Amino acid sequence: MYGETTFEGLRPSEASFLRELVRLLRSQASAEAWDGKSDAELLAPFVVPPRVVHGEPDPDVFLWIELFHAAVARVIEDRSGVRCALMIRLHHEGYGRIVILAGRLVVVSRYVRDVTRFGFDGVERLAEAGEKLAESGVELIQRFPDVARLGG
């Protein structure tokens, strides 16, 4: 599919996170904007050098943050069988809260202070970060399955 990357050298779980992220990126495309682009090209906006940006963040950063966490939620759903809901509240100045719920259980909770710094040193770090959040979410569901399966 679209020059699919095998993500060689990554753990299978990390590669599955990246495949889910790429799938979500492609689903966001309108008018075939991503046609002909490789998976690596789609993931490029997530791979950025450390930087300091003054002023309001680029609006695209909000989309990258949302898609990254949506991929985490989807991986948690796939592995646990429990439906997850992503809730994001980011202020235009670059701070806010990200929560992933499974039933009534909070499986991911992050406070973001500076979205202008959102990004990773490489695709490997992107995969590690997504997989780490997904693993911890699945572990919480396994510890508290009754709460995770309660309706909201």
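Below are the figures for this structure:
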{"quantity": "Residues that are at pLDDT 95 or above and aliphatic (A, V, I, L, M), drawn from region 97-124", "calculated": "ILE98, VAL99, ILE100, LEU101, ALA102, LEU105, VAL106, VAL107, VAL108"}
{"quantity": "Candidates ALA40, ALA127, ALA71, ALA44, filtered to the one that is under 25 Å from SER27 (Cα atoms), out of contact with any strand residue (DSSP E or B) (no Cβ under 6 Å at 6 or more places or on another chain), part of a helix (DSSP H, G or I) and at pLDDT 95 or above", "calculated": "ALA71"}
{"quantity": "Any chance ASP114 is acidic (Asp, Glu) and touching a residue at least 40 places away in the same chain (Cβ under 8 Å)", "calculated": "no"}
{"quantity": "Any hit, region 85-103, residues being in contact with a Leu (Cβ under 9 Å, 6 or more places away or on another chain), over 18 Å from GLY130 (Cβ atoms), touching a residue at least 40 places away in the same chain (Cβ under 8 Å) and of a type outside the set (A, V, I, L, M)", "calculated": "yes"}
{"quantity": "Positions within region 98-124 being of a type outside the set (Ser, Thr, Tyr) and assigned to a helix (DSSP H, G or I), in sequence order", "calculated": "VAL115, ARG117, VAL123, GLU124"}
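The values are calculated or read from the model by the stated rules, or taken from the named source; none is laboratory data. Predicted model only: the values in this text are computed from it and were never measured. Cβ atoms come from the backbone with ideal geometry, glycine included; neighbour counts cover every protein chain shown.
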